[in-house]
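First comes the structure, then the notes that go with it.
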Amino acid sequence: MDDYAERLLKNMLEIYSPSGEEWKLSSFLLGELEKLGFHSRIDDVGNVIAESGQNSPTVLLCGHMDTVPGNLETRQEDGEICGRGAVDAKSSLAAMIVGASKVRNEFPGKILLLAVVDEEGHGTGMKHFMRTNPLNVDYAVFGEPSNSDNIVIGYKGHMNVTLKCTTKEGHSAAPWLSENAVEKAMEIWSLMKGKSEDTIEGKSHFHNVTGTPIRIEGGSSTNVIPSQCEIALDLRVPPEQSCEQVLNEFRRLIDSYLKSNRGVSISLHATNQVEACLMNADSTLARSFSWAIRKVRQKNPTFLKKTGTSDMNLLRTALRIPMIAYGPGDSRLDHTAEEKIATEDYLAAIQIHEKALGQLAVLHSRNN
């Protein structure tokens, strides 16, 4: 089975699948899952949905097929498998598939495997699955890198915010006569950033609002003071606050700023709002994976809270069930040209999935 597991991952890495171009990988995985004995299909957006078993409990194992753009050579050397998606997150998805296939005949309930599209984009795959399928699930595991030995229990929320600043035009030869929209927009962003950083003392970044400009546009001519500026912001929201609460705080800050800047107009517009999620580290699911990690790796896992966002955030808005994220790989290599996974860690993650699902069945039976 180790040979198959390595071959499966290498084949998946060789299929370039940036967000929006997952169809070839969907077709490949459909065939593999059917060979492994799962009842499988591809839905209207390209998600692969595979099922095995019935009754209780129902466990959702969800991984994503898409990667960020930028194809990399797939190769295996020095005990590592390299390629785009080796960390984020084809090795996690492959480990789920192989681990679940090894235990599916003994598992007393239902295993629901979901390989989604567009996780790196706008969550199209997960959103479509949630709209079009009954969410009769008891536990959910998301395939994301956690270094094999750790378990992710939290993700920050996320929203894209556009800050627009408008002033009157003026001649660049007399900048003291007109407000500069670019300067004013940067002043506002500096105030927003400062307000967020004021709350960091004594807390981790996971529990604070953080953000960064990802695009700035302004100005129309070389001799005209800019009257328009637009800043695109990527904001990350802690579980203590909702996206709307954060927006309202910033709007109050802007209202106060405008009282002493009468010639300036400022607006905020938010899109792609996803709320934060923080799960219980003592849930039946988390304890099952903890037990499995101790058995396989001979060490106690660390429970991680990540400043990024995943499809776990989306499902959490609809279901209040135990969830975790787990998978092999060093997340510091996400989205880089050095994506690689240690073969040993990948194979260990498969064993951990197998043992964790078995332990989950035992603990679920005891609790019910």
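Values quoted throughout were computed directly from the atomic coordinates according to the rules given, and no laboratory measurement underlies them. The structure displayed is predicted, hence computed values, not measured ones. FYI the Cβ positions are ideal-geometry reconstructions off the backbone, even for glycines, and counts take in every protein chain you see.
So how much slack lies between residue 68 and residue 177, counting 0.36 nm per residue of separation and subtracting their Cα-Cα distance, in nm?
Using 0.36 nm per residue and subtracting the Cα-Cα distance, I get 34.6 nm.
Only Cα pairs under 8 Å and at least 6 apart count here; give the relative contact order of the chain as a rounded whole percent.
Relative CO of the chain lands at 24 percent.
What distance in nm separates the simple spin-label points at residue 256 and residue 78, each placed 7 Å from Cα in the Cβ direction?
With each label point 7 Å from Cα toward Cβ, the separation is 5.3 nm.
From zero outward in steps of 20 Å, how is the percent of C-alpha pairs of the chain spread across the bins?
Answer for the chain: a P(r) of 28, 49, 20, 4 percent.
List the pairs from 164/306; 299/340; 102/305; 195/340 whose alpha-carbon separation is above 27 Å, in the order I gave them.
164/306; 102/305; 195/340
Using label points projected 7 Å from each Cα along Cα→Cβ, tell me how many nm separate residue 7 and residue 35, to one decimal.
If labels sit at residue 7 and residue 35, their model points lie 0.6 nm apart.
Just grab the label-to-label distance for residue 269 and residue 44, each label 7 Å out from Cα along the Cβ direction, in nm (one decimal).
According to this spin-label approximation, the distance is 2.8 nm.
Nearest 10 degrees is fine. How inclined is helix 90-103 to the longest principal axis of the chain, computing both from alpha carbons?
With both axes taken from Cα atoms, the answer is about 30 degrees.
Would you give the gap between the C-alpha center of the stretch 327-368 and the C-alpha center of the stretch 29-66, rounded to a whole Å?
18 Å
Would you mind ranking 364, 269 so that the residue whose beta carbon has the fewest other beta carbons within 10 Å leads the list?
Least to most surrounded, the residues fall as 269, 364.
Under the Kirkwood approximation applied to all pairs of distinct alpha-carbon atoms, what is the hydrodynamic radius of the stretch 157-274 in Å?
That comes to 15.0 Å for the stretch 157-274.
Wrap a convex hull around the Cα atoms of the stretch 239-343, take a quarter of its surface area, and give that in square nanometres.
10.5 nm²
To check you understand DSSP bridge types, tell me what percent of the beta bridges within the chain (both residues inside) are antiparallel, rounded to 5.
70 percent
Expected output is a single nm value to one decimal: the length gained when fully extending between residue 105 and residue 302, i.e. 0.36 nm times separation in residues minus the C-alpha distance. What is it?
Contour length minus Cα-Cα distance gives 67.9 nm.
Output the 0 to 90 degree angle, nearest 10, between the alpha-carbon long axis of helix 284-297 and the longest principal axis computed from the alpha carbons of the chain.
Helix 284-297 and the main axis of the chain meet at about 70 degrees.
Rounded to the nearest 500, what is the chain's calculated 222 nm mean residue ellipticity when only DSSP H runs of at least 4 contribute -39500 (n - 2.57) each, over all residues?
Calculated mean residue ellipticity at 222 nm is -11500 deg cm²/dmol.
Per 0.36 nm of contour for each residue apart, how much would the distance between residue 282 and residue 205 grow if the chain were fully extended, relative to their Cα-Cα spacing?
Once the chain is fully extended between residue 282 and residue 205, it gains 25.4 nm.
What is the angle, in °, between the Cα long axis of helix 243-259 and the longest principal axis of the Cα atoms in the chain? Nearest 10 is fine, range 0 to 90.
With rounding to tens, the tilt is 10 degrees.
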